[in-house]
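Here's the structure we're looking at; comments come further down.
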Amino acid sequence: HAVLRDGGRRATLGAPMTHAVARLRAERLARSRKPFRARGSHADRCPRCRLPLPNCLCALRPEVTTRAGMCLLMHQIEPMKPTNTGWLVADVVADTEAFTWSRTAPDSRLLALLRDPQWAPHVAFPAQGVAPARVVHDVQVPEGRRPLFVLLDGTWAEARKMFPRSPYLDDFPVLSFAPEQVSRYRL
């Protein structure tokens with residue numbers, strides 16, 4: 001099993017993933033002037049799933065066939081985090097695109113993806129504070145189009161700021177889930 005040491009202290013012996021989040025991370029690293037040091041960056045990590053070796057998920061990675069696509073709008077630091085959940089999404093869903101979120105200058109490739117007629121974008125986000133007319137609880141896709149789930153990838157505090165500051169998402173329905181049981185998870 002190859003080992004990746006975050007921050008580049010140990011060479012990668014295996015081939016890391018080349019999906020959208022991996023490419024976004026590589027672009028960010030190329031622009032970086034100093035190494036990124038996340039919590040746990042001293043752990044020996046799998047180069048594919050980026051988890052500490054004792055927690056490697058590669059053998060458990062499912063093969064998922066879906067018509068849906070994923071669009072990850074990532075806060076600027078998210079692709080660098082070794083345990084980013086967007087990495088897991090891109091690892092499992094082949095049609096995943098990842099973009100660095102920007103309030104003032106959204107990526108032109110993102111805007112083109114959102115306008116692409118093959119897709120029916122839905123923003124996955126809590127309904128609180130969203131105009132009721134935009135909120136849907138199930139996916140509504142016109143004939144001949146595929147669902148594209150737009151996920152704001154960041155901490156909850158970051159995502160709550162990103163959502164209202166992304167006017168290019170205003171025309172899309174907000175897919176909100178109503179769980180049967182309230183989460184006991186606390187920050």
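The values are calculated or read from the model by the stated rules, or taken from the named source; none is laboratory data. Computed from a predicted model, the values in this text were never measured in an experiment. Reconstructed Cβ throughout: ideal geometry from the backbone, glycine too, with neighbour counts over all protein chains shown. Calculation scope for accessible area: heavy atoms of the full protein, side chains included, ligands and nucleic acids excluded. Shrake-Rupley method; radii C 1.70, N 1.55, O 1.52, S 1.80 Å.
Key figures for this structure:
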item: Top-ranked residue in region 137-151 [being closer than 11 Å to VAL174 by Cα and at pLDDT 95 or above; ranked as least open to solvent (accessible area, probe 1.4 Å)]; result: VAL150
item: Residue in region 39-47 that is under 23 Å from MET74 (Cα atoms), modelled with pLDDT under 80 and either touching a helix residue (DSSP H, G or I) at 6+ places or on another chain (Cβ under 7 Å) or open to solvent by 30 Å² or more (accessible area, probe 1.4 Å) (or both) present; result: yes
item: Unique match (being modelled with pLDDT under 95 and within 19 Å of the chain's Cα centre (by Cα)) among TRP101, TRP156; result: TRP156
item: So ARG115, is it touching a residue at least 24 places away in the same chain (Cβ under 8 Å) and either among the polar types (S, T, N, Q) or more than 21 Å from MET80 (Cα to Cα) (or both); result: no
item: Hits in region 146-173 - residues which are in contact with a strand residue (DSSP E or B) (Cβ under 8 Å, 6 or more places away or on another chain) and over 26 Å from LEU88 (Cβ atoms); result: none
item: Test result for ARG134, surrounded by fewer than 14 Cβ atoms within 10 Å (Cβ to Cβ) and at negative phi; result: no
item: Search result, residues across region 54-90 that are open to solvent by 70 Å² or more (accessible area, probe 1.4 Å) and of a type in the set (Lys, Arg); result: ARG61, ARG67
item: Among (1) closer than 30 Å to PRO47 by Cα; (2) at pLDDT 95 or above; (3) among the basic types (Lys, Arg) - the single one ARG165 does not satisfy; result: (1)
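For (1) closer than 20 Å to PHE149 by Cβ; (2) buried (at least 20 other Cβ atoms within 10 Å of the Cβ); (3) in contact with a strand residue (DSSP E or B) (Cβ under 9 Å, 6 or more places away or on another chain); (4) not small (Gly, Ala, Ser), each residue gets a yes or a no:
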| position | (1), (2), (3), (4) |
| --- | --- |
| LYS34 | no, no, no, yes |
| CYS49 | no, yes, no, yes |
| LEU111 | yes, no, no, yes |
| HIS122 | yes, yes, yes, yes |
